[in-house]
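Worksheet: the structure to be examined is printed underneath.
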């Protein structure tokens, strides 16, 4: 990922429970991240940063702008509900949430309250939407708290592979992700936002999915239909379309 020698203030959030386990971070990088190579990692991080900017641009997007569909299309869990979400999503309120998050008015503890203002999908999908809004609005300050990253109520998510014990609240998850950002920077992947953390987590999550598919479909051949760890990571991060354009 891109070199960044300037000192950066990294907000690790509040919360005292648990910690990021350094050895697990190193193992994750060795197994899932470093094998991709620096060029691919730089490209993936750049696409993530581009996505932040495209979501931030929604503050000026009219209700019928295709950018709304593109944003929801970047959140994997919205797939079965996108048409309903598009018809019921309160555009004005969503724009105000983005503006307020950019001004620092919201934090990780606000995921639930913001999710309650979203209509058109089950509660947990609305949580993913709220988490994505906050993260993209202020990616230098707020980490991604989607379910695949961390589900505090159920003790699930890829973050549980790196933190001990698993975070119990969104505030604790933010704190652990801030610690992970510091660890990743020390190991050679500094980032002015949480983009490097997003990339590391997505590649690790994709790796676990691939392993599970290999075990489930062993010798059946269906696992060969998966797009590979890198391709899965682009889907999880919502940047698959950028990958498709770059590959043409």
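The values are calculated or read from the model by the stated rules, or taken from the named source; none is laboratory data. Here the structure is a predicted model, which means the values were calculated and not measured. Methodologically, a virtual Cβ is constructed for each residue, glycine included, from the backbone with ideal geometry; neighbour enumeration extends over all protein chains shown.
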Review point. Taking segment 215-248 as the region of interest, how many residues are in a helix (DSSP H, G or I) and modelled with pLDDT under 65?
Key: 12
Review point. Out of all the residues in segment 141-151, which are free of Cβ contacts under 8 Å to residues at least 60 places away in the same chain and out of contact with any helix residue (DSSP H, G or I) (no Cβ under 6 Å at 6 or more places or on another chain)?
Key: 151
Point to revise | Residue ranges of helices (runs of 4 or more DSSP H) in segment 63-182 with at least 2 members buried (at least 19 other Cβ atoms within 10 Å of the Cβ) | key: 67-73, 91-102, 111-115, 123-137
